[in-house]
Amino acid sequence: MARSDNSPVIQPVAEEVGGILGWARTGTPLALFVTLGLPAGALGVAWPHMRASLGAPLAGLGLLLAAVTVAYFLASASSGPLAERFGEAALLIGGCGLAAIGLLALSLATGWWIVPPVSLLVGAGSGLIDAAVNTHVSLNRGVRYMGLVHASWAGGAALGPQVVVVSVATTGSWRAAFAAAGAAFVVSGLVVALRRHDWSGNGEGGTDLALDQTAPPPTYRRAMVLMAGVFLLGAGLEATAGDWSYSQLTLGRLVPTELASWGATLFWAGLAGGRVALGVFGHRFTPTRLLDGGIGVSALASLVFWLGPPLVSAFIALPLLGAAVSVIFPLLLSLTPSRVGPGMTAHAVGYGLAAGTIGGGGLPAATGLVLQSGGLLTLGPVMTGMAALLLLLHAASRVAGSRSA
């Protein structure tokens, strides 16, 4: 298949080492993202037990999530300057340390007042790890590997609830689950410290990406604003569908709870499956074409969810939407070096993840206000509007990129 000269490579560009060293270099980022997903998946299942043992208020989960989100946003946004000063390995070690301290402190908490402050540590550590790994992979690896990295996060998030279940069954408490997650971050930090030379590559030399490392500031700013908008809307559409589709199907469209729960399950299965498929088959098309397809299909699936019969919305539109939005984040991150230059990639990834954090937390909350005033059936138009705006911003980004090429 023909490709343009400035298309990003889709195979790993970092030189691989055979044997155990090669497996360690390849496996460390994947293991980091499995660990990163553990607390995200565990929290919802652990919360009822936490609330009972800590005497937390009913709205306490919202405060905990807000603390994590704010710290995650600040850490992601500041990761670019921090990486320039201290290096990616130091960011990862520091992020693992912060997350480990926060989770271990959470497992030892004796009262609710301790939880929000230590949650800030978990959010800050997770934000640093997320940004550092994504920056490294976008500069040194290809789209397929990026897909596997994000599929690893989904695997960790899926494992998290089971860790809580085992913890409660064996110890009678949720605390061992967060202690185990904290220990996983300690181990991850030690592995990075022992192999910190693996994180010293910056994608220069050894890559065939024809990139301008000194992109003019106006071009960089325009590309960054458009990409941040796509990050924000992509994460917002994913979170809005995941958070609100079940309520809309059951309460707004009277789908039986058993069927609606399967629809919600299929959405998350599509999300994980899409990222695995990107890791396996991502070499068959250029990243730009894959991103075109993902965003286009997400708009179509949102429209079908709105206008289709209830069961079509649950069993066709939702899994299709999950698979479509699953590739947006990894593809955007892989394309970042080609759009802003290697020298600005760390900054751009940090800002993009920060925008995604705002979208993933803010747009579902704003949607809740719309649904409260307009009814649950307005979810379809809201999701379709998000997808349409996402499509427009992506088209504008493509046009801007072609003009600056």
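Here are a few things to note about the model shown:
- From the options A109, A132, residue that is part of a loop (DSSP other than H, G, I, E, B) and open to solvent by less than 10 Å² (accessible area, probe 1.4 Å): A109
- Within the span defined as the stretch 165-172, one or more residues are crowded, with 20+ Cβ neighbours inside 10 Å, assigned to a helix (DSSP H, G or I) and more than 21 Å from the chain's Cα centre (by Cα).
- Of the criteria (1) within 21 Å of the chain's Cα centre (by Cα); (2) open to solvent by less than 50 Å² (accessible area, probe 1.4 Å); (3) over 18 Å from E238 (Cβ atoms), which one G252 fails: (1)
- Out of A272, A299, A317, sole residue that is touching a residue at least 24 places away in the same chain (Cβ under 8 Å) and under 14 Å from L237 (Cβ atoms): A299
- Consider the stretch 215-244 and keep the residues that are under 20 Å from L311 (Cα atoms) and either of a type in the set (A, V, I, L, M) or modelled with pLDDT under 85 (or both). The one that is least open to solvent (accessible area, probe 1.4 Å) is A241.
- The number of residues in the stretch 277-321 being closer than 15 Å to M383 by Cα, open to solvent by 10 Å² or more (accessible area, probe 1.4 Å) and either charged (D, E, K, R) or in a helix (DSSP H, G or I) (or both) comes to 10.
- Hits in the stretch 327-338 - residues which are buried (at least 24 other Cβ atoms within 10 Å of the Cβ), out of contact with any His (no Cβ under 9 Å at 6 or more places or on another chain) and at pLDDT below 85: S334, T336, P337
- Matching option when the condition is under 23 Å from D198 (Cα atoms) and without any contact (Cβ under 8 Å) to a residue 12 or more places away in the chain, among F86, F185: F86
- Every residue from the stretch 372-389 that is in contact with a helix residue (DSSP H, G or I) (Cβ under 8 Å, 6 or more places away or on another chain) and at pLDDT below 90: G375, L376
- Across the stretch 349-382, the number of residues qualifying as more than 17 Å from L233 (Cβ to Cβ), small (G, A, S) and buried (at least 22 other Cβ atoms within 10 Å of the Cβ) comes to 1.
- In summary, A83 fulfils each of the numbered conditions (1) open to solvent by less than 50 Å² (accessible area, probe 1.4 Å); (2) under 15 Å from F178 (Cβ atoms) with the single exception of condition (2).
The values are calculated or read from the model by the stated rules, or taken from the named source; none is laboratory data. This one's a predicted model, so the numbers in the text were calculated from it and none came from an experiment. When we count neighbours, we look across all protein chains shown, and the Cβ atoms used for this are built from the backbone with ideal geometry, even at glycine. These area figures cover heavy atoms from the full protein model, side chains too; ligands, DNA and RNA do not enter into them. Shrake-Rupley method; radii C 1.70, N 1.55, O 1.52, S 1.80 Å.
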